[in-house]
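See structure below.
The values are calculated or read from the model by the stated rules, or taken from the named source; none is laboratory data. In this text the structure is predicted, and so the values were computed from the model without any measurement. Because the Cβ atoms are built from the backbone with ideal geometry, glycine has one as well, and the counts that use them run over all protein chains shown. The area values use the complete protein model at the heavy-atom level, side chains included, leaving out ligands, DNA and RNA. Shrake-Rupley method; radii C 1.70, N 1.55, O 1.52, S 1.80 Å.
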Amino acid sequence: MNSARSNPISTVAMHGVLILYTLIALFPVFVILINSFKTRKKIFREPLALPDAESFSLVGYQTVLKQGDFFLYFQNSFIVTVGSLTLILLFGAMAAFALSEYRFRGNMIMGLYLALGIMIPIRIGTVAILDMMVSTGLVNTLWALILVYTAQGLPLAVFILSEFMRQVSDDLKSAGRIDGLSEYTIFFKLVLPLVRPAMATVAVFNMIPIWNDLWFPLILAPAEETKTLTLGSQVFIGQFVTDWNAVLSALSMAILPVLVLYVIFSRQLIRGITSGAVK
Amino acid sequence: MTALTLTNVNKSFGNVHVLKDINIEVEEGEFVVFVGPSGCGKSTLLRTIAGLEDVTSGEVCIAGDVVNQTPPSKRGIAMVFQSYALYPHLNVRNNMALALKQAKESKETIEERVAEASRMLSLGDYLNRFPSELSGGQRQRVAIGRAIVRHPKLFLFDEPLSNLDAALRMNTRLEIANLHDQLGATMVYVTHDQTEAMTLADKIVVLRDGRVEQIGSPMELYNNPTNQFVAGFLGSPAMNFLPANLLEDGSPNTLGVRPEDLALDDAGPLEVTTKHVEQLGGDTNVIADCHGHQITVRLFGQHAINAGQHLRLGIADGKSYFFDAQGNRLS
Ligand SMILES: Nc1ncnc2c1ncn2[C@@H]1O[C@H](COP(=O)(O)OP(=O)(O)O)[C@@H](O)[C@H]1O
Ligand SMILES: [Mg+2]
């Protein structure tokens, strides 16, 4: 910001609000993290205290690593999230390109139809989806989850991406056509790099709900070898006793991969924004 | 041979009829300028020639072949856009080479053509830069270079100078004129700027609302406009239009006089009050009020005229144009 225009009071106020918001947002994560390193007694006695020599314990992590196949769950979650995001971005961008670039009969209707999913939650169709998965033999496979999440993510992706693709210069695409580029090359080489910030936004929006989802893994893929992390962590939550050490440790570890993916996408976001600025 | 023939070309977007029955012939080696106000369909016409839009009806012929069904890359054309439209992910050399690579030309040919184009446009120092590292004028030269390397049968320019500042615009205009002389290529150039049209064209096509108003050499159109629109569009400052009854009582027609065809004349027929005087040094433009109508007079040299002065003006012999109520020229 221009230093001549910034007023110290409003700068302090702005930073104050942002810092406050950050603290509020990070507080639960912080509590989970510190408590995952404490003994069960101390978790309940002094939930806000930092672990010290007396209360420090890794029992939660030990339970998690011993119990069940934690790394398999981890891997399942990762495959499902990355697979769904890939399909959402690929098909979402392709559909958005077709809708924004080509004039054809029913273009408008098609756009509305694809956007319908934004308003109707996919969980309404759970029973039908389960039926379908059973008859196609996809129950208890990761494909079941990937397909459902792709369907769930596509409407918003198409909506956002087609809006951005309309803004890509027509002249650029025309130049490509005159130079003999195929429509696929125009799409992948010219248009996609220019809507990268929008792609990153769509990816971030879709990633967290998919990673955290409990509903569809429970219904479509509850088998031991296809359990996702969120579902796997449920074994520690019983009707009568809950192994809080294990739950908190599992949650702490589940944060990491999301964090990594988020850093990757937000890099893209920032790069897209700055490359637009110096155009 | 004719380089380009358009026969009864029509183009509609849904219910919007944009191009109406266009007939144009362009000879080989000719520099033709399509000129008209914004939104009159110039770009659409150029895009139908390029094959970026299909015609709704009619025929497009390039170098004798009907190309209605031919994709843009096979039409033997090259196009330069107002927004440059350089590929952001390729450097200058590859921007120019891409079309040739797509056409599977040999490495040597590509190298040779890029070198030739960069020599003509003095782009040698920039070949490894990316478009984002170039100024507007340099970008436009790269865009022109990208067209040259293809050795097209037909160059298409869509307002290539609109995004440049005034000084650069004039230089680039000269550069394009030179290029036309050097290459002897056929060029179709679209602009809304009548100065560009007058200075560059062998032949001007004036368009309005998707219709061809008049076709001819710049001086033919200037001296002999067939209607009021063409008369008013070409020339700067623009032609003055006054009710003809100022000269002859009861005439329903419109009188047109170019600013330079008016002169101070104490016995002249027009009585005016000056409102504003623009001293340009070489010329003096007087903006005056003539019975409620604004009139511009262009006097050669410097004149001590003040606002509010009463003047009488005469019209040079044979330089009055008359138009009927529909705007058609009366001989
Ligand atoms: N793809 C399109 N769909 C609908 N209308 C269009 C399209 N392209 C151009 N038009 C219309 O055609 C007319 C002419 O546009 P254009 O050829 O760009 O004018 P110019 O280049 O002379 O300024 C405008 O009224 C514009 O709204
Ligand atoms: Mg235009």
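Within the range A:40-67, can you find the residues that are out of contact with any strand residue (DSSP E or B) (no Cβ under 8 Å at 6 or more places or on another chain) and buried (at least 18 other Cβ atoms within 10 Å of the Cβ)?
A:LYS42, A:ILE43, A:GLY60, A:TYR61, A:THR63, A:VAL64 - these are the residues of the range A:40-67 that are out of contact with any strand residue (DSSP E or B) (no Cβ under 8 Å at 6 or more places or on another chain) and buried (at least 18 other Cβ atoms within 10 Å of the Cβ).
Matching residues to (1) within 33 Å of the chain's Cα centre (by Cα); (2) not polar (S, T, N, Q):
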{"site": "B:GLY235", "(1), (2)": "yes, yes"}
{"site": "B:PRO243", "(1), (2)": "yes, yes"}
{"site": "B:GLY256", "(1), (2)": "yes, yes"}
{"site": "B:LEU270", "(1), (2)": "no, yes"}
{"site": "B:GLY282", "(1), (2)": "yes, yes"}
{"site": "B:ASP289", "(1), (2)": "yes, yes"}
{"site": "B:GLN294", "(1), (2)": "yes, no"}
{"site": "B:GLY301", "(1), (2)": "yes, yes"}
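When you look at B:SER251, is it open to solvent by 60 Å² or more (accessible area, probe 1.4 Å), more than 16 Å from ligand 2 (Cβ to nearest atom) and assigned to a loop (DSSP other than H, G, I, E, B), yes or no? Even if it seems obvious, please write down each step before you answer.
Working: open to solvent by 60 Å² or more (accessible area, probe 1.4 Å): no; more than 16 Å from ligand 2 (Cβ to nearest atom): yes; assigned to a loop (DSSP other than H, G, I, E, B): yes.
Considered against the rule, which asks whether it is open to solvent by 60 Å² or more (accessible area, probe 1.4 Å), more than 16 Å from ligand 2 (Cβ to nearest atom) and assigned to a loop (DSSP other than H, G, I, E, B), B:SER251 comes out as no.
What is the number of the single condition among (1) in a helix (DSSP H, G or I); (2) open to solvent by less than 10 Å² (accessible area, probe 1.4 Å); (3) of a type outside the set (Asp, Glu); (4) within 11 Å of chain A (Cβ to nearest Cβ) that B:ILE144 does not meet?
Looking at each condition in turn, B:ILE144 falls short on (4).
For B:ALA304, only one of the following conditions fails: (1) open to solvent by 80 Å² or more (accessible area, probe 1.4 Å); (2) in contact (Cβ under 8 Å) with a residue 60 or more places away in the chain. What is its number?
Among (1) open to solvent by 80 Å² or more (accessible area, probe 1.4 Å); (2) in contact (Cβ under 8 Å) with a residue 60 or more places away in the chain, B:ALA304 violates only (2).
For the range B:81-117, what are the residues that are facing another protein chain (nearest Cβ under 8 Å) and open to solvent by less than 10 Å² (accessible area, probe 1.4 Å)?
If the condition is that a residue be facing another protein chain (nearest Cβ under 8 Å) and open to solvent by less than 10 Å² (accessible area, probe 1.4 Å), then B:PHE81, B:ALA85, B:TYR87, B:ALA99 are the ones that fit.
Determine, yes or no, whether B:GLU175 is away from every other protein chain (no Cβ under 14 Å), away from ligand 1 (no atom under 16 Å from the Cβ) and open to solvent by 20 Å² or more (accessible area, probe 1.4 Å).
yes
Mind listing whichever residues of the range B:118-129 are surrounded by fewer than 16 Cβ atoms within 10 Å (Cβ to Cβ) and small (Gly, Ala, Ser)?
Residues satisfying the conditions are B:SER122, B:GLY124.
Only residues that are part of a loop (DSSP other than H, G, I, E, B), crowded, with 16+ Cβ neighbours inside 10 Å and within 16 Å of ligand 1 (Cβ to nearest atom): list them for the range B:49-80, please.
Pass one, the range B:49-80, residues part of a loop (DSSP other than H, G, I, E, B): B:51-56, B:63-64, B:67-71, B:75-76.
Subsequent filtering for residues that are crowded, with 16+ Cβ neighbours inside 10 Å retains B:51-53, B:55, B:63, B:67, B:75-76.
Residues satisfying the conditions are B:GLY51, B:LEU52, B:GLU53, B:VAL55.
If B:SER132 satisfies every condition in (1) at pLDDT 95 or above; (2) open to solvent by 10 Å² or more (accessible area, probe 1.4 Å) but one, which is the exception?
(1)
Under 7 Å between Cβ atoms, which residue pairs at least 6 apart in sequence (or on different chains) link something in the range B:22-39 that is away from every other protein chain (no Cβ under 14 Å) with a partner that is assigned to a loop (DSSP other than H, G, I, E, B) and within 16 Å of ligand 1 (Cβ to nearest atom)?
Here the result reads B:VAL35/B:HIS192; B:GLY36/B:HIS192; B:PRO37/B:HIS192; B:SER38/B:HIS192, each pair linking the range B:22-39 to a residue that is assigned to a loop (DSSP other than H, G, I, E, B) and within 16 Å of ligand 1 (Cβ to nearest atom).
For the range A:179-191, which positions are open to solvent by less than 40 Å² (accessible area, probe 1.4 Å), within 9 Å of another protein chain (Cβ to nearest Cβ) and assigned to a helix (DSSP H, G or I)?
Selection gives A:LEU190 alone.
In the range B:149-160, what residues are surrounded by 24 or more Cβ atoms within 10 Å (Cβ to Cβ) and more than 12 Å from chain A (Cβ to nearest Cβ)?
Scanning the range B:149-160 gives a single hit, B:PHE157.
Which ones in the range B:166-189 are among the β-branched types (Val, Ile, Thr) and under 19 Å from B:ARG139 (Cα atoms)? Show your work before the answer.
Quick first cut of the range B:166-189, residues among the β-branched types (Val, Ile, Thr) only: B:172, B:176, B:186, B:188.
B:THR172, B:ILE176 - these are the residues of the range B:166-189 that are among the β-branched types (Val, Ile, Thr) and under 19 Å from B:ARG139 (Cα atoms).
For the range B:123-136, does any single residue satisfy the condition of being assigned by TED's automatic domain parsing to the domain that holds B:ASN94, within 16 Å of ligand 1 (Cβ to nearest atom), in contact with a Pro (Cβ under 9 Å, 6 or more places away or on another chain) and not small (Gly, Ala, Ser)?
For the range B:123-136, residues assigned by TED's automatic domain parsing to the domain that holds B:ASN94, within 16 Å of ligand 1 (Cβ to nearest atom), in contact with a Pro (Cβ under 9 Å, 6 or more places away or on another chain) and not small (Gly, Ala, Ser): absent.
Pick from B:GLU278, B:GLU196: which is over 19 Å from B:PHE323 (Cα atoms) and in the same structural domain as B:ARG150 (by TED's automatic domain parsing)?
B:GLU196 is the lone residue from the list that is over 19 Å from B:PHE323 (Cα atoms) and in the same structural domain as B:ARG150 (by TED's automatic domain parsing).
Residues checked against (1) within 16 Å of ligand 1 (Cβ to nearest atom); (2) at pLDDT 95 or above; (3) closer than 20 Å to B:VAL35 by Cβ; (4) not assigned by TED's automatic domain parsing to the domain that holds B:GLU111:
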site	(1), (2), (3), (4)
B:ARG169	no, no, yes, no
B:LEU183	no, no, no, no
B:VAL205	yes, yes, yes, no
B:GLU220	no, yes, yes, no
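When the residues of the range B:13-47 are filtered to those that are more than 13 Å from ligand 2 (Cβ to nearest atom) and among the polar types (S, T, N, Q), which remaining residue is nearest to B:ASN178 (Cα to Cα)?
B:ASN23
Residue by residue, here is whether (1) within 16 Å of ligand 1 (Cβ to nearest atom); (2) open to solvent by 30 Å² or more (accessible area, probe 1.4 Å); (3) touching a residue at least 24 places away in the same chain (Cβ under 8 Å); (4) within 14 Å of another protein chain (Cβ to nearest Cβ) holds:
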| position | (1), (2), (3), (4) |
| --- | --- |
| A:ARG105 | yes, yes, no, yes |
| A:LEU112 | no, yes, no, no |
| A:ILE129 | no, no, yes, no |
| A:THR141 | no, yes, yes, no |
| A:ILE160 | no, yes, yes, no |
| A:MET165 | yes, no, yes, no |
| A:SER174 | yes, no, no, yes |
| A:ARG177 | yes, yes, no, yes |
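Name every residue in the range B:48-71 that is touching a Ser or Thr at 6+ places or on another chain (Cβ under 8 Å), within 10 Å of chain A (Cβ to nearest Cβ) and away from ligand 2 (no atom under 16 Å from the Cβ), in order of residue number.
B:GLY51
Taking the conditions exactly as written (touching a strand residue (DSSP E or B) at 6+ places or on another chain (Cβ under 9 Å), within 16 Å of ligand 2 (Cβ to nearest atom), in contact (Cβ under 8 Å) with a residue 24 or more places away in the chain and not in a loop (DSSP other than H, G, I, E, B)), does B:LEU156 satisfy them or not?
Criteria met by B:LEU156.
For residues that are within 14 Å of another protein chain (Cβ to nearest Cβ) and part of a helix (DSSP H, G or I), scanning just the range B:118-141, find the one that is nearest to the chain's Cα centre (by Cα).
Taking the candidates together, the pick is B:GLN140.
For the range B:1-48, please list each of the strands (runs of 3 or more DSSP E) lying entirely inside it that holds at least 2 residues being within 8 Å of ligand 1 (Cβ to nearest atom). Talk me through it step by step, then tell me what you get.
Values: elements: B:2-13, B:16-27, B:31-35.
Passing ranges, in order: B:16-27.
Could you list, in sequence order, all residues of the range B:83-117 that are assigned to a helix (DSSP H, G or I) and small (Gly, Ala, Ser)?
Going through the range B:83-117, the residues assigned to a helix (DSSP H, G or I) turn out to be B:92-102, B:107-117.
Within the range B:83-117, B:ALA97, B:ALA99, B:ALA115, B:ALA117 qualify.
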